[in-house]
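*Asks:* Dumping the structure here so I can ask a few things about it.
Bear in mind that the values in this text are calculations on the coordinates, not laboratory data. Everything numeric in this text was worked out from a predicted model, so none of it was measured. We place every Cβ from the backbone using ideal geometry, glycine too, and count neighbours over all the protein chains shown.
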Amino acid sequence: FGHLRREAAETGTELTLKWNKDGVAADVRAHVVGLPFLSLKRAAN
C-alpha cells in the first residue's frame, strides 16, 4: 500500500519505491493496480 501523487496513480504505472524495514533499506519495483486488488472472505457473525 502507498500514497501516490495523482500523476503517478494511473493503473499500470511502474514505480521504484524506497523501502526501509528493520533498518534495511532498498529500492523496490512496484506497479499500480486497480481496486479491488484483494478479496478477503469475511467471517460469519
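*Asks:* Quick check on segment 1-23: of everything there that is of a type in the set (A, V, I, L, M) and in a strand (DSSP E or B), which residue is farthest from Pro36 (Cα to Cα)?
*Replies:* Leu17
*Asks:* Would you pick out the residues in segment 24-44 that are outside any strand (DSSP E or B) and surrounded by 10 or more Cβ atoms within 10 Å (Cβ to Cβ)?
*Replies:* Val32, Val33
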